[in-house]
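Contents: one structure, followed by commentary.
The values are calculated or read from the model by the stated rules, or taken from the named source; none is laboratory data. All values derive from a computational prediction rather than experimental measurement. Ideal geometry is used to build each Cβ from the backbone, glycine not excepted, and the neighbour counts take in all protein chains shown.
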Amino acid sequence: MGLQTCGLNLNHVQKELHPHGTPGFPCAAYDGLYSDKPEQSIPWHWHEELEIVYVKRGSLKLRIPSKSFLLTQGDCMAVNSNILHAAEACPKCRLLSLVFHPRLITGTGDSAFATKYLSPLMAHTAFDGFLFQKKEHSLRIMSFLQAFEALSFDAPGFEFTVRESLSQICYFLYEQFEPAAAKETGENPDQLRIRTMLDYIHRHFCEPIQLSDIAKAADIGKKGMSPLF
């Protein structure tokens with residue numbers, strides 16, 4: 001399959017519309033060089049797929065709502081499905097990433113892989129992102145690199161290697177959040193409020209918008225906006 005070209009195509013609520021992989025194999029690999037120039041930053045966006053990024057060289061500041069992570073060379077991070085995130089190099093970095101739909105791991109939505117493991121994990125409000133630091137999570141980082149190499153170089157049977165390696169990472173993440181993960185349902189309310197406010201801004205950007213209007217759209221007070229943003 002090889003590497004895909006990275007190019008964000010966002011709709012009015014910052015959802016990425018660019019397809020990752022193919023319907024038969026919904027996973028894509030990206031390899032990019034970034035600097036701290038504004039035009040090379042990765043803007044706020046979200047997608048249904050999970051994403052795992054790896055800093056091959058340099059350092060990267062990755063942000064999700066209310067949290068910020070500094071990834072240095074050799075670090076890896078997983079971002080949950082439907083989570084707003086953005087990134088910028090500090091000051092330069094080479095970034096490898098895999099973006100994959102849950103069904104790559106689960107197959108059907110009613111499989112044991114989905115109902116017992118991945119769906120509870122993705123619904124768990126504490127799992128927005130997870131940092132794999134090179135000193136503590138070398139095995140999981142190696143799993144990522146095996147998947148990335150197999151996919152980017154179109155190795156024979158790469159589909160099996162990618163699915164197995166990403167499955168190992170997903171099960172590790174499940175272990176970090178279970179048994180609470182099995183009890184969590186619904187979308188993180190902060191994520192939903194942020195997306196609602198972004199939607200309001202996009203729909204009314206030609207009008208004289210007040211902070212109170214944006215807050216009202218998400219049914220919160222103006223003071224409640226600052227912690228979210």
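Computed values, structure above
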quantity: Matching residues in region 92-110 - criterion: being modelled with pLDDT of 95 or more and either outside the structural domain of M77 (by TED's automatic domain parsing) or more than 15 Å from V79 (Cβ to Cβ) (or both); calculated: K92, C93, R94, R103, L104, I105, T106
quantity: Some residue of region 203-218 being surrounded by 17 or more Cβ atoms within 10 Å (Cβ to Cβ), at pLDDT 75 or above and part of a loop (DSSP other than H, G, I, E, B); calculated: yes
quantity: From the options L84, L17, L10, L62, residue that is surrounded by 14 or more Cβ atoms within 10 Å (Cβ to Cβ), outside the structural domain of H137 (by TED's automatic domain parsing), farther than 16 Å from A147 by Cβ and touching a His at 6+ places or on another chain (Cβ under 9 Å); calculated: L10
quantity: Criterion violated by K135 - all others in (1) among the basic types (K, R); (2) more than 17 Å from the chain's Cα centre (by Cα); (3) more than 20 Å from C76 (Cα to Cα) satisfied; calculated: (3)
quantity: Among (1) at pLDDT 90 or above; (2) in contact with a strand residue (DSSP E or B) (Cβ under 8 Å, 6 or more places away or on another chain); (3) not β-branched (V, I, T), the one test that L3 misses; calculated: (1)
quantity: Matching residues, region 22-43, being more than 27 Å from S138 (Cβ to Cβ) and surrounded by fewer than 16 Cβ atoms within 10 Å (Cβ to Cβ); calculated: T22, P23, G24, S35, D36, K37, P38, E39, Q40, S41, P43
